Structure formats: C-alpha cells, structure tokens
1. Ignoring ligands, DNA and RNA, what accessible area per residue does the stretch 230-313 give at 1.4 Å, in Å²?
2. On a 0 to 90 degree scale, rounded to 10, what angle separates helix 200-213 from the longest Cα axis of the chain?
3. With all distinct Cα pairs included, what does the Kirkwood hydrodynamic radius of the stretch 230-302 come out to in Å, to one decimal, could you say?
4. Let a ≥ b ≥ c be the square roots of the eigenvalues of the Cα gyration tensor of the stretch 168-208; is it rounded (a/c under 1.5), or, if not, prolate (a/b larger than b/c) or oblate?
5. Could you tell me whether the stretch 80-176 comes out rounded, prolate or oblate from its Cα gyration tensor? Rule is a ≥ b ≥ c as square roots of the eigenvalues, rounded for a/c under 1.5, then prolate if a/b exceeds b/c, otherwise oblate.
6. All other residues with a Cβ under 11 Å from the Cβ of D133 taken together, and with Lys, Arg as +1 and Asp, Glu as -1, what is their net charge?
7. How much of the accessible area of the stretch 132-243, in percent, comes from carbon and sulfur atoms when a 1.4 Å probe is used?
8. Nearest 5 percent is fine: what portion of the DSSP beta bridges confined to the chain is antiparallel?
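The values are calculated or read from the model by the stated rules, or taken from the named source; none is laboratory data. In this text, all values refer to a predicted model and were calculated from it rather than measured experimentally. Positions of Cβ are backbone-derived with ideal geometry, glycine not excepted, and every protein chain shown enters the neighbour counts. Accessible surface is based on the protein model in full, side chains and every heavy atom, while ligands, DNA and RNA are left aside. Shrake-Rupley method; radii C 1.70, N 1.55, O 1.52, S 1.80 Å.
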Amino acid sequence: MKRRNLMKLPLAAVALSLAASVATAQDAERKIIGVAIPTATHGFMGGLNWHARDTIDRLGKVYPNLEFVLSTSGEAAKQVSDIEDMLATRNIDALVVLPFESEPLTDPVKQVKAAGKFVTVVDRGLSEEGIEDLYVAGDNTAFGRVAGEYFRDNLEPGAKIVVLRGIPTTLDNERVEAFQAAMEGSDKEILDMQHGNWNRDDAFKVMQDYLAKYPQIDAVWAADDDMAVGVLEAIAQAGREGEMVVVGGAGMKDIVKRIMENDPQLPVNVTYPPALISSAIEMTALHFVSNAPMAGRYIIGSQLITPENAEQFYYPDSPF
C-alpha cells in the first residue's frame, strides 16, 4: 500500500496550506469561484456532488472572502449555458469544471480562460490541451491498464471479453486505450466495445445485446460500478450468472462489500474516488488565499481492490 500513502502527501500539503492561509484570508479581496459539474445521475456522480457541496460549505465558512457558485447539469448544452452565465452575470474569478462532455465544453471553457480567469478542469479533459491552469483527475491510464492486466493475467487462455465504454470523452479514450494496450499480445479476445455512458440503464441494454449476440462471454469490463450494476442485472435476468466475471471501477461500497465476501462474480475492482472534486475545489481556493503554487497536473493513482485488501476501501457511510 506504499502508493496509497504516497498519494496522501500532496493532500497533506494542501491541508497545511489551507490552515496557514486562514488568517490572511480574512482581509483578502472577495473572489467568486464557479463550480460546474454534471447532475447526480448515477452513484459516482452522486458521491461527487455530495463532496462538492460539502467542500463548498466548509471552505465558505473558513474563507468569508470566497463565494462559490455551484451549477449542476444533466446535459452538455445546459452546462455550457451555466458557464456562460457565470462569466457574464456573476463575473467569476475562477472556474472549476468537470465537463459533461469534452468537445462541446472546450470552447466555452476556453472563453473563460481568455477572460483572464483561473481555470481548473476535473476528471474529463477538454478536447484541446493547455487551456486550463490546473488539471485534477484520477489516473485514467492506470485505471484501464490495471483492469487489462488483471484480465490478461487471470483469465483462462482463449477467454472472451466484452467491454462497456463511458460517455465519449478524452477520459474514456485514455482508459480504453490503456486497457487494450495491456491486453495486446495476450491469448484473450475482446469481442465487442459499446458505450454504456456510465449509466445503469444504458449498461443494462448494452449487456442485454451482448448476451443475445454472444453465446460465450467469460468476462465483462464494465469500467464503472454504476454500469456494473446494470450489467449484473442483465446477466441475472438471462440466467447466466455462473458464466462470467464482472469488473467495474471506482469502489462503490456495495461492490467492495461483495469483493470482501469473496463473491466469485465480482473478483476485483479498480479505485477512482469521487472525492477528487474536493481536491480540485480546495486547490482552486488556495490560488486566491495563499502563495502556494496551484498550477499543473494533480493525478490520483488507481489501485486494484481484491478480497485481501478490500476492507481498506470499504466506507459504509459513504454516499457512493
């Protein structure tokens, strides 16, 4: 678990910077930080929304000179409109944005940066590099690679795999490309890849199609625990529970509990914490209330959750 401990060091530094800057923040110039994130349409986003609101509430009490404007959007067009409104009517000084989709959000975020504002992009990157001041995300390459290496090293020779992709984003591309690279040259076959859009209902439909189309499926890379739930339901309805294993991602507490209990259908999972939004908001706040440099890339590592270490990743009181 050395990697996990190392990843705590930057967060500890952020906490020290926050504490050290409280006294001077009281007299600082008022700043407005816009936060634009997707609506809580599924478990991961539900957890992320909870962490965003909790962080905004906490920082607002610590730094009375900081004002936060939060918007949640169920589609890209509304998120674009929300960001344009933040810039035009609220005159935000910074934007923290988790793009609903990469392509349609790139130009609006670019306009915010062109107006001289500090920009933090979270999780799903923009389609053009170099726009943001700060990028905060999980390690999407490791997320895909860790899952691919597990399948490569643990499935039987000739095993057949189906994949569910997320919403079309740079994030999804990074994960899938890393997964494919890890599987390259192995004796396992990837039968199909379709978008489940990180949505239980969409994943259920995609998995139904896979089950109807392929008589042999040995493993499913659901690449997301919400999609894994939809996949599991489709498998159960088809009566094919004993035929295949399912690997999701992000560490949903219900999935982690089943791994702790050695559920043969869910042997492992890959971490990707929704609390990364808290890191992004706190680091953006530090840009205004401290002299600590807050630019560049902050990447949170992905780890394989197994029955042996699952208890370390099980948080029964978590919203996700």
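1. 39
2. In the chain, helix 200-213 runs at an angle near 20 degrees to the longest axis.
3. Across the stretch 230-302, the inverse of the average 1/r is 15.2 Å.
4. The shape class here is oblate.
5. prolate
6. So the surrounding residues net to +2.
7. 41
8. Expressed as a percentage, antiparallel bridges in the chain total about 5.
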